[in-house]
Amino acid sequence: MKRRYIKSGRRAVAVLLITACVSIMSAGCGDTAAIEEEETLSEVIPVEAQMPVEGTLTLKNEFVGTVSPEESVYVIPMVTAEVLSTGISVGDTVTAGQELCKLDTEAAELQLASAQAQYNSAAAGVQAAEVGYEIAQAQYDSAVAQLDVQNEQTQRQKDLTMYQMQMQIDGINDGIDDINEQIYKLDEDREDAKEQRDDLNKARKQANSYVKQAQSAYQAAASAYGYPQAQASYQAAVATVTMMESPDYDKTQHGDEEAYKAALQAAKDELKAADLALQEAEKNMKPHADTLQAAQTAASQMDSAYEQAKAGIESIDDGKEKLEDSLSDTYRTKEQTETVKNLTEAQLNIDTQAVQDISKRTAALGVDSAAAQVNSAKVGAAGAEVAIDSAEYQLDMYTLTAPIDGVIEAVNVKEHDLASPQTPAFVISNKKTMTVTFGVSEGIRGTLRVGQKLTVDRNGKLYDAAITEIGSMVDQTTGLFMIKSCVSTPDDSLLTGSSVKVTAETYSQANALLIPYDAVYYDDSQPYVYVAESGMAKRKDVETGIFDMDTITVLSGLSTEDTLITSWSANLREGAEVSVQMKTANDADDGQTTAVGEADGAQTAGGE
């Protein structure tokens, strides 16, 4: 099913007026009107005509876009500590890995020292286990001759091994409990942070309301106290005195010197009076100006606090995710340890009575157990070494570095302040490539494609851009689909957050006939045109496509060989005799037409 758009304008109004006149005349004149109409039809109608041109009609649309960096990162401290030094300011250019600031490392150094002490203790345990292994080997040699003594020693060794493995499992369970407790605390902290964020959002909205009230009060006060008039009077008086005191001033226009001095003194008196009036107006305006400044400052502080609260929630979510990953790893470690314990217990509970005659094999179990203790001690030492690596990693967190090359856009720390994970210390943007985001309707979205070229206009300066992403979900705030485009050669004029005008080709129709918009008529939504054939007007039904204010495309029903009548006449109809005046080549279209419209300005005649 096709939608039809019936054109309206001066021609349609004229047709209605003529129809009404004919009806009135018919009612009053009878047969005489019919005779006059027949005579009118027999007249030759002068018309203008041209040959249809085959070409392409392209419609362009303009949108409002917002500029943002392609890559922007927040440098967030992973620890809470005092800032010892920072030499970075807003606007500085940094490279990836460059030091931004140092934090107080005293706590991290203590943790590293503790981890080192634990490692030393574990290393001593390895030495002790190795000594135990040597002892077990000696016991094995002795057990060859003393089976009863060896059995007793094996039992004691079995109990010791099971005790040690159970202690290891108990330690893992304690670690699981600690992680669960930390996750629970993070959940509580997140709820508190959400409440704080919601409270700040309400306060932020209230502060913005106060700003509007203060602005209205300030403007009303300026009008009430006549501040603009006082300022204008003062500036005019200053200009007058300056002009009269100028060496080039013509004093003779006042008559003599005394008259000039009197006029100058009068101008100075007027300047003094205007100055006093301006000072009085400024004095009266000061409370309102101070109130407006205070309201704006409070609104800015509320906005900053709200963004910090949002960042804090994200930091808590990241911490919880890491803890959940650690909890999953710990559960796997516990499962592996319990499996080893069960296997070890099964091995140690083998009926030794059945292997009494294999004394060496039975004695070797003690040696194997001692070797397992050595391995277990080495595992403990390796774990302690991991703790040292972790402490050293924590120590590295006390030096903040730039993760990317870019420009510093925000610095939220200074020396001797306390840095914390709840507040980003720095914001860095890579402005080598800038992104322009704009919204379009569903109809316009269907005409765009990734890679399509665009033109970005910032205060009259044009940039080439290309579409990189076409949104597939409607933005709930604007009701539009968001389109992202990339400006590969930005400069300092493209500021973050600034608004630009984006121009894009949308609807286009190629290989169609282009004719004047006003040459098409409609009969019950059926478009048609008149062509001249052998001095007579002939109606042709056509199928039309897209159009702009001047041109419309014809998809079928007309050819480039037809002589299209482009002028209008009340007597123009099927079979009317016409006198054709062809348009010159300069009047015809060149076959390439482009229209620029509003966002969603595509026009169709006979489209879906």
Legend entry - Condition met for Tyr210 (open to solvent by 70 Å² or more (accessible area, probe 1.4 Å) and farther than 30 Å from Met302 by Cβ): no
Legend entry - Among (1) outside any helix (DSSP H, G or I); (2) of a type in the set (A, V, I, L, M); (3) farther than 30 Å from Met482 by Cα; (4) touching a Leu at 6+ places or on another chain (Cβ under 9 Å), the one test that Leu112 misses: (1)
Legend entry - Residue that is modelled with the highest pLDDT, among those in the stretch 112-150 that are over 13 Å from Glu385 (Cα atoms) and among the polar types (S, T, N, Q): Gln127
Inset, instruction - Determine whether the stretch 173-185 contains at least one residue that is open to solvent by less than 60 Å² (accessible area, probe 1.4 Å) and under 30 Å from the mean Cα position of the chain (by Cα). - result: no
Inset, instruction - Could you list all residues from the stretch 395-406 that are open to solvent by 40 Å² or more (accessible area, probe 1.4 Å) and touching a strand residue (DSSP E or B) at 6+ places or on another chain (Cβ under 7 Å)? - result: Thr399, Thr401, Pro403, Asp405
Inset, instruction - Looking only at the stretch 468-515, count how many residues are crowded, with 18+ Cβ neighbours inside 10 Å, of a type in the set (A, V, I, L, M, F, W, C) and either in contact with a helix residue (DSSP H, G or I) (Cβ under 7 Å, 6 or more places away or on another chain) or not in a strand (DSSP E or B) (or both). - result: 3
Legend entry - Subset of the stretch 72-99 that is over 14 Å from Asn430 (Cβ atoms) and among the β-branched types (Val, Ile, Thr) - its residue that is most open to solvent (accessible area, probe 1.4 Å): Val90
Inset, instruction - Quick one: count up the residues across the stretch 233-257 that are more than 9 Å from Leu271 (Cα to Cα) and of a type in the set (Phe, Trp, Tyr). - result: 1
Legend entry - Any hit, the stretch 333-352, residues being of a type in the set (A, V, I, L, M), in contact with a Leu (Cβ under 6 Å, 6 or more places away or on another chain) and buried (at least 16 other Cβ atoms within 10 Å of the Cβ): no
Legend entry - Of residues in the stretch 535-557 being farther than 20 Å from Asp524 by Cα and of a type in the set (Gly, Ala, Ser), the one least open to solvent (accessible area, probe 1.4 Å): Ala537
Inset, instruction - From Glu415, Glu409, Glu392, grab the single residue that is among the acidic types (Asp, Glu), touching a Pro at 6+ places or on another chain (Cβ under 9 Å) and open to solvent by 50 Å² or more (accessible area, probe 1.4 Å). - result: Glu409
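Residue by residue, here is whether (1) part of a helix (DSSP H, G or I); (2) open to solvent by 70 Å² or more (accessible area, probe 1.4 Å) holds:
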| site | (1), (2) |
| --- | --- |
| Gln215 | yes, yes |
| Ala220 | yes, no |
| Met243 | yes, yes |
| Asp248 | no, yes |
| Ala273 | yes, no |
| Leu276 | yes, yes |
| Glu282 | yes, yes |
| Ala298 | yes, no |
| Lys310 | yes, yes |
Inset, instruction - Take Thr333 and decide whether it is of a type outside the set (Phe, Trp, Tyr) and at pLDDT 80 or above. - result: yes
Inset, instruction - Give the residues of the stretch 527-566 that are under 42 Å from the mean Cα position of the chain (by Cα) and either of a type in the set (Phe, Trp, Tyr) or part of a loop (DSSP other than H, G, I, E, B) (or both), sorted by residue number. - result: Phe547, Asp548, Met549, Asp550
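The values are calculated or read from the model by the stated rules, or taken from the named source; none is laboratory data. Being a predicted model, the structure only gives us computed values, none of them experimental. Note that each Cβ is placed from the backbone with ideal geometry, even for glycine, and that neighbours are counted across all protein chains shown. Please note that ligands, DNA and RNA were not included when accessible areas were found on the heavy atoms of the full protein model with its side chains. Shrake-Rupley method; radii C 1.70, N 1.55, O 1.52, S 1.80 Å.
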